[in-house]
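Encoded as structure tokens, the structure appears first; notes follow it.
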Amino acid sequence: MVNPDHPIRTLISEAAIQERVHLLGQQIESDYRGRPLTILAVLTGSLIMLADLVRRIRISHRIALIQASSYRGATTTATTLVINEAFAPDVADRDVLLLDDILDTGRTLAALIRHVRDRGARSVRTAVLLRKLGRQEVPLEPDYCGFTIPDVFVVGYGLDYNDDYRHLPYVGVLGEHQGASGPVSHPRS
Ligand code: XMP
């Protein structure tokens, strides 16, 4: 199941993820009761969390998907974010919760927040499974966050390396160098 050339150390266990996602679902359910909620999941990394999270939210809500790909210019180091909303229905007058796998620099979510606001959403909030410490370039506080992690490359529970490892039920550190890891915290109840 796991490529022996790429050993993986478990950073967040399956049980810890399930417990945390359950709590986030309860929190979202209580925050959005009576409101027209659309959970807009960012492809592809958030798909596994999406499936688990929505089954913990027992209020009426819609599910939609959006894709954001960044491309580096041939002659410059600047990156362009291309948004594909082929599977995102109308969000006008909806309370949108953007769901992403990981907050790294923050550029993706910041651009998507602007995009969804421009589409006329009533409100826009963000939920992420992971937030990487020491990497953020854009000021942005996720409204719902599963775990804060150190600056290591992680895979599993939706996150990939070379389009593999998304299926792992836990989050692990890939290709680890000694001392790169640290404690995982649970920032919100
Ligand atoms: P920004 O920098 O815009 O990007 O916050 C977030 C996106 O970067 C990818 N990313 C990772 N993917 N393991 C991954 O599999 C990682 O450790 C990692 N760090 C960033 C991811 O696609 C995320 O949506």
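The values are calculated or read from the model by the stated rules, or taken from the named source; none is laboratory data. Everything numeric here is computed off the predicted structure, so don't read it as measured data. Glycine gets a Cβ as well: all are built from the backbone with ideal geometry, and neighbour counts include every protein chain shown.
Odds and ends about this structure:
- Residue list for segment 100-131, filter: farther than 17 Å from I28 by Cα and polar (S, T, N, Q): T105, T108
- Scanning segment 58-68 turns up at least one residue that is modelled with pLDDT under 95 and touching a strand residue (DSSP E or B) at 6+ places or on another chain (Cβ under 9 Å).
Here is a yes/no grid of residues against (1) closer than 23 Å to R125 by Cβ; (2) surrounded by fewer than 19 Cβ atoms within 10 Å (Cβ to Cβ); (3) among the polar types (S, T, N, Q); (4) touching a residue at least 60 places away in the same chain (Cβ under 8 Å):
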{"site": "P7", "(1), (2), (3), (4)": "no, yes, no, yes"}
{"site": "E19", "(1), (2), (3), (4)": "yes, yes, no, no"}
{"site": "P36", "(1), (2), (3), (4)": "yes, yes, no, yes"}
{"site": "L43", "(1), (2), (3), (4)": "yes, yes, no, no"}
{"site": "I57", "(1), (2), (3), (4)": "yes, no, no, no"}
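- Picking from residues in segment 80-96 that are buried (at least 19 other Cβ atoms within 10 Å of the Cβ) and not in a strand (DSSP E or B), the one that is nearest to the ligand (Cβ to nearest atom) is A88.
- Subset of segment 59-76 that is within 16 Å of the ligand (Cβ to nearest atom) and either basic (K, R) or surrounded by fewer than 17 Cβ atoms within 10 Å (Cβ to Cβ) (or both) - its residue that is farthest from G146 (Cα to Cα): R72
- Just so you know, in segment 97-140 the residues that are of a type in the set (V, I, T) and more than 9 Å from the ligand (Cβ to nearest atom) include one that is nearest to L37 (Cα to Cα), and it is V124.
- Members of segment 11-49 found to be among the hydroxyl-bearing types (S, T, Y), more than 16 Å from the ligand (Cβ to nearest atom) and not in a helix (DSSP H, G or I), listed by number: S13, Y32, T38
- Residues of segment 45-55 that turn out to be surrounded by fewer than 19 Cβ atoms within 10 Å (Cβ to Cβ) and either at positive phi or among the hydrophobic types (A, V, I, L, M, F, W, C) (or both), as a count: 3
- Within the set P169, P183, the sole residue that is under 23 Å from E19 (Cα atoms), more than 11 Å from the ligand (Cβ to nearest atom), surrounded by fewer than 20 Cβ atoms within 10 Å (Cβ to Cβ) and at pLDDT 95 or above turns out to be P169.
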